[in-house]
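The values are calculated or read from the model by the stated rules, or taken from the named source; none is laboratory data. Keep in mind it's a predicted model, so treat the numbers as computed, not measured. So basically every Cβ, Gly included, is an ideal-geometry build from the backbone, and we count neighbours across all protein chains shown.
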Amino acid sequence: MAVPTGRSIKLTPSILLAAVCAAGMGLTPTTDASFAGPTVMLDWSASGSGQSSSFLMHEHSDNDWFDSSTNAWSFQGGANKSAWGLNWVVEAANSPGALAGTLPANQFVNANLAVTNNTDSYQTFVGLVTFLLPTEFQGGTLMNGSVSASVQDVFGTGAEIRSVDDQPIYQALIDGANVQDLISSNFSLTANGGATESASDSFGIPSPVSGPVAMESISVLLTFELSPHDTANVVGSFEIAAIPAPGAMALFAGLGLFSSRRRRP
């Protein structure tokens, strides 16, 4: 699969508010000096409601914890407005910067967003989760990622999650530039009779694909429309690794060292 590198995000009105806060576009969060974990920001917007928010994960989550088995921090929280309800589980690597003469450790961010549309009409939702890298990947990257989307027909009247115009459901970003799309435009997923329906896609699994240098951040951008009074769950993951010595990439892929880290709450 060809990987478009260096392509800027198409900033339609529905995603502009979220995108301008991304790292590489001026994100300068105020961090808590007592917190030693990763810096992760969730920018959230909803069309028509005027109820958009930004959340610095370690300050706005209800719970956060470190998992030594995955070497990652997880953040769990939520927010409720009159137009929507949002719950998140966000996970990011806890790897330090690279030592002199060594390759940077793999870096990843996972975003699990559950949203309810509280209005009487379709709403466009945009979630941009950005992880500020602890080190630079000056020699290029190897990438993998995944996305899943599900919708639940809570009231038995039919429920739909769909793409917005020509925007994909999932975009992976490096330093604010789009490097991969998943679940492209013209996507629609409908649930009926009280059921839950889901769809998923991935790239770079099991063999990672080549990507650009990464100097500041990696992000997952999730954009979708949701039917009135229904609930959807969208999960996106993105991982980068440093390009190893010649011949080592095939070995790493064969050992399964590049894998999806999608997590559900």
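Per-structure values
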item: Counted residues, region 133-159 - those being closer than 24 Å to residue 40 by Cβ and surrounded by 19 or more Cβ atoms within 10 Å (Cβ to Cβ); result: 12
item: Any chance residue 52 is over 19 Å from residue 130 (Cβ atoms), surrounded by 14 or more Cβ atoms within 10 Å (Cβ to Cβ), touching a helix residue (DSSP H, G or I) at 6+ places or on another chain (Cβ under 6 Å) and modelled with pLDDT of 50 or more; result: no
item: Criterion violated by residue 194 - all others in (1) closer than 16 Å to residue 113 by Cα; (2) part of a loop (DSSP other than H, G, I, E, B) satisfied; result: (1)
item: Filtered residue count, region 78-117, keeping only those that are under 21 Å from residue 218 (Cβ atoms) and either modelled with pLDDT of 90 or more or buried (at least 22 other Cβ atoms within 10 Å of the Cβ) (or both); result: 15
item: Candidates 155, 187, 125, 131, filtered to the one that is among the aromatic types (Phe, Trp, Tyr) and either under 21 Å from residue 244 (Cα atoms) or without any contact (Cβ under 8 Å) to a residue 60 or more places away in the chain (or both); result: 187
item: Meets criteria (closer than 21 Å to residue 124 by Cα, in a strand (DSSP E or B) and in contact (Cβ under 8 Å) with a residue 40 or more places away in the chain) for residue 202; result: no
item: Qualifying residue in region 198-217 (condition: touching a strand residue (DSSP E or B) at 6+ places or on another chain (Cβ under 8 Å), surrounded by fewer than 23 Cβ atoms within 10 Å (Cβ to Cβ), closer than 23 Å to residue 74 by Cβ and acidic (Asp, Glu)); result: yes
item: Criterion violated by residue 217 - all others in (1) hydroxyl-bearing (Ser, Thr, Tyr); (2) touching a Phe, Trp or Tyr at 6+ places or on another chain (Cβ under 7 Å); (3) modelled with pLDDT under 95 satisfied; result: (3)
item: Matching entry among 137, 155 (being of a type outside the set (Asp, Glu) and within 30 Å of residue 230 (Cα to Cα)); result: 155
item: Candidates 79, 149, 111, 83 - the one that is closer than 20 Å to residue 241 by Cα, of a type in the set (A, V, I, L, M, F, W, C) and touching a strand residue (DSSP E or B) at 6+ places or on another chain (Cβ under 8 Å); result: 111
item: Meets criteria (hydrophobic (A, V, I, L, M, F, W, C), surrounded by 19 or more Cβ atoms within 10 Å (Cβ to Cβ) and over 19 Å from residue 203 (Cβ atoms)) for residue 129; result: no
item: In region 176-191, residue surrounded by the most Cβ atoms within 10 Å (Cβ to Cβ) [restricted to those that are assigned to a strand (DSSP E or B) and in contact with a Lys or Arg (Cβ under 8 Å, 6 or more places away or on another chain)]; result: 179
